[in-house]
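The structure under discussion appears below in the form of structure tokens.
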Amino acid sequence: MTFEMVDPAEREGWDRAILRLKEPSIFHSAAWAKVLSRSYGYRPRYQVRLEHGEIAGLLPVLEVRSLATGCRGVSLAFSDFCEPIARDAATFDELLGRAVDYGRGAGWRYLELRGGERFLPGVPPFASYVGNRVDLSEGEPALWRRFSGNTRRNIEKAVAQGVVTTRSRSLEAVREFYRLHCLTRKRHGVPPQPLCFFENLHRFLIEPGLGTVVLAAHQGRPVAGGLYLCFGATLLYKFGASTLEDRNLRANNLVMWDAIRWGIENGAGVLSLGRTDCGDEGLRRFKRGWGGTESVISYYRYDLKDGCYREPLPPGGGGRRVLNRLPVALLRCIGAICYRHVG
């Protein structure tokens with residue numbers, strides 16, 4: 001048994017090895033590490049336990065170094081969740097301890113974990129979100145019956161009104177989705193991620209076949225879209241976007257249904273709907289309509305100076321009322337400058 005700190009992008013066969021572990025996600029993959037390191041300059045500091053040359057434990061960590069927000073480790077930046085993979089608490093403690101030791105030497109302020117609740121009983125999370133998973137294993141007919149009546153009606157309404165969907169792995173489709181994404185982020189008062197992030201999603205994940213973009217159009221005009229990633233048996237809903245003036249078309253529901261069918265065709269047995277803010281009842285209602293199960297996603301922050309876990313994050317978000325008044329071009333500039341500092 002040995003422990004190493006590695007960059008998964010430099011390990012041949014990393015993704016094949018990860019898929020042999022229990023409950024791997026796209027966020028454990030080498031491709032995801034490449035997206036984040038190429039987009040934001042983060043340095044992979046993955047802690048790995050090896051047994052007979054095979055990965056037997058994993059704590060993915062990216063090193064974020066910023067003059068604006070300080071230095072830290074995050075497991076894993078811009079990832080909805082990233083559960084540590086360990087067979088028992090002792091393995092997790094060893095992986096965590098090695099990450100903490102490295103972080104102290106590198107001048108980190110803290111180490112953030114986006115998961116790991118089962119290894120941290122009694123530790124208060126720094127932040128909590130809602131996850132939602134939908135079982136796809138029974139196939140389309142059984143799945144359709146599990147949808148809420150409102151979800152089924154919205155899908156049928158979109159079809160009746162002439163909304164059509166297309167699936168694509170092209171860069172052009174990613175860029176069209178990004179246009180819709182920028183409009184949606186503006187409505188929510190949040191800057192969009194830089195375009196290079198989506199171009200890297202295309203380069204390392206979508207073009208190689210680990211994802212797709214589903215776009216919905218009405219009378220030839222794009223009105224909604226979704227970006228989905230698939231790794232192993234799990235389909236992940238990563239981003240959704242739409243135009244406000246066309247919301248009565250219910251195109252988002254048809255986009256999700258088409259993506260689910262794509263996932264089933266490609267061997268997915270589970271749909272993960274990512275993370276949702278606990279207080280966002282509208283989005284939670286939309287996700288519950290697909291017949292899945294909610295769970296809690298807990299984030300933890302270990303303060304390396306004080307040697308303890310930090311208290312929960314206070315609620316915020318007041319600045320969004322200002323940002324949603326800014327033009328998209330300015331919001332894109334803000335996102336291009338700021339995102340690498342906040343991962």
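Here are the numbers for this structure:
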item: Proximal lysines relative to residue 186, as straight alpha-carbon distance under 28 Å, when same-chain residues fewer than 8 apart are discounted; result: 34, 157, 238, 287
item: Residue 101-residue 310 FRET efficiency (beta carbon distance; Förster radius 22 Å; 0.05 resolution); result: 0.70
item: Under 13 Å, Cβ to Cβ, from residue 80 - net charge with Lys/Arg +1 and Asp/Glu -1; result: +3
item: Listed peptides 161-171, 176-186 by packing density, highest first (mean Cβ within 10 Å); result: 176-186, 161-171
item: Stokes-Einstein diffusion coefficient of segment 18-104, Kirkwood radius over Cα pairs, 10 °C, 1.306 mPa s, in µm²/s; result: 118 µm²/s
item: Antiparallel bridge percentage (DSSP; both residues within segment 131-295; nearest 5); result: 90 percent
item: Relative packing of 260-271, 214-225, which averages over residues the other C-beta atoms within 10 Å, highest first; result: 214-225, 260-271
item: Equivalent ellipsoid semi-axes - Cα gyration tensor, segment 201-333, angstrom; result: 29, 23, 17
item: Of 271, 248, 21, farthest towards positive along the dipole that unit charges on Lys, Arg, Asp, Glu beta carbons give the chain; result: 248
item: Order of 272, 137 under a 10 Å beta carbon neighbour criterion, fewest first; result: 137, 272
item: In Å, descending, principal axis extents of the Cα set of the chain; result: 59, 46, 37
item: Under 5 Å, built H, 5+ apart or other chain: amide partners of residue 45; result: 61, 62, 63
item: Viscosity 0.890 mPa s, 25 °C: Kirkwood-radius Stokes-Einstein D of segment 1-160 over Cα pairs, µm²/s; result: 139 µm²/s
item: Debye intensity ratio I(q)/I(0), log10, segment 131-295, q values 0.15, 0.21 Å⁻¹ (C-alpha model); result: -0.80, -1.63
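Every number in this text was worked out from the coordinates using simple rules, so none of it is lab data. All values reported here derive from a predicted model rather than from experimental measurement. Neighbour counts are summed over all protein chains in view; Cβ atoms, including those assigned to glycine, are modelled from backbone coordinates with ideal geometry.
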